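J.: This is the structure I want to talk about, given as structure tokens.
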Amino acid sequence: MRSSSLLCFLFFVGVSGVPRGSDFRICAFNLHNFGDSKSKKADVMQILVKVITRCDVCLLQEVRDSKGKALPELLEQINRYDTRYEYQAVASERLGRTESYQEQYVFVYRADTAVLTGQYQYPDDLQGDVDAFAREPFVVRFKAPKTAIKEFVLIPQHTTPTNATKELDALYDVLLHVKKKWRTQNVMLLGDFNADCGYLAKKNRKHVRLITDTDLVWLIPEDTDTTVRLSTSCSYDHIVVYGPTFNRAVVPSSARAFDFQKEYGLTDEQALDVSDHYPVEVLLQVVHSGAFGTAASMALTLQYITFVSSLVLGRLLLHLVT
């Protein structure tokens, strides 16, 4: 029976080795003043690269790359670190009310799992209140064929802390505009909303349509601390999805803050050198093409089963005859 045992072993190895789909991860990370200076810190860049390559799509905020060198360097290091895939990036213009302080929204994404199909810099003058945002949303649309949702729109926002209530409410108008412009219901809003502690008082929540509209689901639990400093415990960073279809495409209870300090064994000082925020993330469900991944692998599996079964049956008949 040694040969049949070997075949059985090979069969189970074959089944377990069949590629299976993995969940699709969307992240949002406030990099805390990411520019030329931070990009020259090798230890910081190493952690940023590790965090970002965990994600299929990652929104970066507080990118203050005035010289235009830090972002290309980050992308180069990402692709050098994870050679299995190609990572690409799309960035907004530099945004801000003053020349002395401007930021960019940047989306880094895996080109094999996410295909950029549209980008749109939201014009602030569409609002009844001109200049509602210090940093207007840079809206993007992705196709993600392996996910249950297939295609979705991302609206990023890094609110001004002292104007968080007003900007969060104005973000609802952006949602309505984008839904109409791109004729889609599959919309996610994400970023550093500053939606907690002193920046968003509980009494003001009833005035924020992004909170009161029951079609919007806030995925990050309210008690999640998204800050690195021990002196703070605030749920600033969030991920919000519109409508039941998108909500059903989310892996239940997968939305969370990623504690990179604990994950990579950093001291408080080392972690704060990376950022004063933890990234937030959520998983989207993927569509599997079959019980064992693909039709070809299923056919191979059936061949194994047939062959092993016939061998075992033959030996059983031989034993009965003799």
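The values are calculated or read from the model by the stated rules, or taken from the named source; none is laboratory data. Computed from a predicted structure; not experimentally measured. Neighbour counts run over all protein chains shown; Cβ positions are idealised from the backbone, glycine included.
J.: For the stretch 64-74, how many residues meet the condition of being in a loop (DSSP other than H, G, I, E, B) and either aromatic (Phe, Trp, Tyr) or in contact with a Gly (Cβ under 7 Å, 6 or more places away or on another chain) (or both)?
T.: Qualifying residue count, the stretch 64-74: 3.
J.: Taking residue 208 as meeting all but one of (1) within 24 Å of residue 26 (Cα to Cα); (2) modelled with pLDDT of 95 or more, write down the number of the exception.
T.: (1)
J.: Residue under question is residue 180, and the condition is that it be modelled with pLDDT of 95 or more, under 29 Å from residue 142 (Cα atoms), assigned to a helix (DSSP H, G or I) and assigned by TED's automatic domain parsing to the domain that holds residue 40; does it hold?
T.: When the stated conditions are applied, residue 180 passes them.
J.: Further, regarding this structure: Does the stretch 47-58 contain any residue that is assigned to a loop (DSSP other than H, G, I, E, B), in the same structural domain as residue 261 (by TED's automatic domain parsing), of a type in the set (S, T, N, Q) and modelled with pLDDT of 95 or more?
T.: Within the stretch 47-58 (the criterion being assigned to a loop (DSSP other than H, G, I, E, B), in the same structural domain as residue 261 (by TED's automatic domain parsing), of a type in the set (S, T, N, Q) and modelled with pLDDT of 95 or more), the answer is yes, since at least one residue qualifies.
J.: Enumerate the pairs (first residue in the stretch 109-134 and modelled with pLDDT under 75; second residue anywhere and of a type in the set (D, E, K, R) and surrounded by 18 or more Cβ atoms within 10 Å (Cβ to Cβ)) with beta-carbon separation below 6 Å, excluding pairs fewer than 6 apart on the same chain, so at least 6 apart or on different chains.
T.: 124/136
J.: Scan the stretch 62-86 for residues that are within 16 Å of residue 45 (Cα to Cα) and either among the aliphatic types (A, V, I, L, M) or in contact with a strand residue (DSSP E or B) (Cβ under 6 Å, 6 or more places away or on another chain) (or both) and jot them down.
T.: 62, 63, 64, 70, 71, 74, 75, 78, 79
J.: For the stretch 169-208, what are the residues that are of a type in the set (Lys, Arg) and touching a helix residue (DSSP H, G or I) at 6+ places or on another chain (Cβ under 7 Å)?
T.: 205, 206
J.: Can you run down the residue pairs with Cβ atoms below 9 Å, 6 or more apart or on separate chains, where the first is in the stretch 69-81 and under 11 Å from residue 35 (Cβ atoms) and the partner is polar (S, T, N, Q)?
T.: Once the first residue is under 11 Å from residue 35 (Cβ atoms) and sits in the stretch 69-81, its partners that are polar (S, T, N, Q) give 69/39; 70/37; 70/39; 71/39; 71/104; 73/39; 74/39.
J.: Given the conditions (1) crowded, with 22+ Cβ neighbours inside 10 Å; (2) farther than 27 Å from residue 161 by Cα, which single one is not true for residue 105?
T.: Exception for residue 105: condition (2).
J.: Is it the case that residue 190 is under 15 Å from residue 175 (Cβ atoms) and not small (Gly, Ala, Ser)?
T.: Criteria met by residue 190.
J.: Go through the stretch 173-185 and give me each residue that's free of Cβ contacts under 8 Å to residues at least 60 places away in the same chain and within 21 Å of the chain's Cα centre (by Cα).
T.: 174, 178, 184
J.: Let me ask another. Specify which of the listed residues (103, 99, 93) is within 25 Å of residue 32 (Cα to Cα), acidic (Asp, Glu) and touching a strand residue (DSSP E or B) at 6+ places or on another chain (Cβ under 6 Å).
T.: Of 103, 99, 93, the one residue that is within 25 Å of residue 32 (Cα to Cα), acidic (Asp, Glu) and touching a strand residue (DSSP E or B) at 6+ places or on another chain (Cβ under 6 Å) is 103.
J.: Okay, next question. Mind checking which residues of the stretch 214-244 are outside any loop (DSSP other than H, G, I, E, B), hydroxyl-bearing (Ser, Thr, Tyr) and either at pLDDT below 95 or under 17 Å from residue 280 (Cα atoms) (or both)?
T.: 227
J.: Have a look at 77, 61, 88 and point out the one that is outside any loop (DSSP other than H, G, I, E, B) and surrounded by 21 or more Cβ atoms within 10 Å (Cβ to Cβ).
T.: One residue alone meets the criteria, 61.
J.: Kindly provide the set of residues from the stretch 152-172 that are farther than 11 Å from residue 242 by Cβ and within 14 Å of the chain's Cα centre (by Cα), ordered by number.
T.: Passing the criteria: 154, 156.
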